[in-house]
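Structure, as structure tokens:
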Amino acid sequence: MASQRPSRAYLAVPAHRARLVAKAAASSADAVFMDLEDAVPPSEKGLALEEAVRALSSLDWGNKRVAVRLNAVDSPFIGEEIRALAALPRLDAVIVPKAERAGDIVAIADQLRAAAPDRASSVVLELLIETALGLVNVDTLAAAHASVAALHLGVGDFAASLGARTSDIGISPDGYRHVGSAQSGYAAAPLDLFAYPMMRLLVAARAFGLIAIDGALRRVPRCQAHRGQRAKGRRDGL
């Protein structure tokens with residue numbers, strides 16, 4: 001288990017968009033992650049990595065926690081990403097997408113250490129649980145390596161892995177409701193598609209002393225969905 005301070009929110013930014021990265025560094029966010037994966041088209045993966053290295057080397061990040069989301073463990077990009085990022089002092093964490101197998105986590109941790117053997121403190125791992133298999137294996141993943149510090153729920157890809165049809169990232173599908181009895185007039189109550197996976201992830205995080213980070217939303221912070229998610233997260237113990 002790696003030590004890491006909790007944050008109120010994570011601001012995600014595509015690594016190849018230098019202007020947005022600079023704005024994120026200057027923002028009031030507690031934590032920022034630069035994305036090399038889903039937010040970056042394949043033709044710009046190389047540029048994204050270059051910009052992430054430049055940003056970590058030259059921008060003033062203040063007291064923020066700064067992470068980079070790597071590409072998938074089976075992608076052709078991840079090895080170069082690890083070698084380019086591992087020794088940068090301002091990198092606090094890497095986010096591993098679609099974490100499913102403990103062996104992959106151990107391999108990434110070993111590659112980070114091999115790429116920067118003289119680094120004073122290890123880069124910590126934050127695991128993105130965004131498939132059915134990842135959730136089934138969440139306990140094993142949480143205990144996979146001492147550098148694992150946090151578990152994220154990747155709501156968009158998790159919903160897709162179940163075949164759920166959602167109208168927006170982090171929002172339960174329209175019509176996802178419980179219908180009551182005849183005595184209640186068949187009253188319908190909305191259900192939360194992500195309640196079980198988030199609680200399952202939270203239990204694993206608490207059991208292994210990790211930070212639990214709930215799913216993303218795409219809308220602006222003042223919207224009703226963000227307010228509701230924050231309130232639910234506080235009630236759930238996040």
Item to check | Where labels lie 7 Å past Cα in the beta-carbon direction, separation of residue 207 and residue 136 in nm | outcome: 1.6
Checklist entry - Among all the aspartates and glutamates, which ones have a C-alpha under 18 Å from residue 23's C-alpha, if same-chain residues fewer than 8 places away are not counted? => result 35, 50, 51, 60
Next on the checklist: I need the peptides 102-109, 12-19 ranked by packing, meaning the mean over residues of other C-beta atoms within 10 angstrom, with the highest value on top.
Outcome noted: 12-19, 102-109
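Give me the percent of the accessible area of segment 41-168 that comes from carbon and sulfur atoms, probe 1.4 Å, all protein chains in place. Working shown, then result.
Numbers: 2830 of 5390 Å².
Carbon-and-sulfur percentage of accessible area, whole number: 52.
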Next on the checklist: Whole-Hz ³J(HN,Hα) for each residue in segment 140-148, computed from phi via Karplus 6.51 cos²θ - 1.76 cosθ + 1.60 with θ = phi - 60°, x for glycine and proline: what do you get?
Outcome noted: 5, 5, 4, 9, 5, 7, 5, 8, 5
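Ranking request for peptides 112-118, 20-26: highest mean number of other beta-carbon atoms within 10 Å first, then the rest in descending order.
Working: 112-118: 13.6, 20-26: 17.4.
Top to bottom by mean Cβ count within 10 Å: 20-26, 112-118.
The values are calculated or read from the model by the stated rules, or taken from the named source; none is laboratory data. Here the structure is a predicted model, which means the values were calculated and not measured. Ideal geometry is used to build each Cβ from the backbone, glycine not excepted, and the neighbour counts take in all protein chains shown. When the accessible area is computed, the model is the full protein with side chains, heavy atoms only, and any ligands, DNA or RNA have been set aside. Shrake-Rupley method; radii C 1.70, N 1.55, O 1.52, S 1.80 Å.
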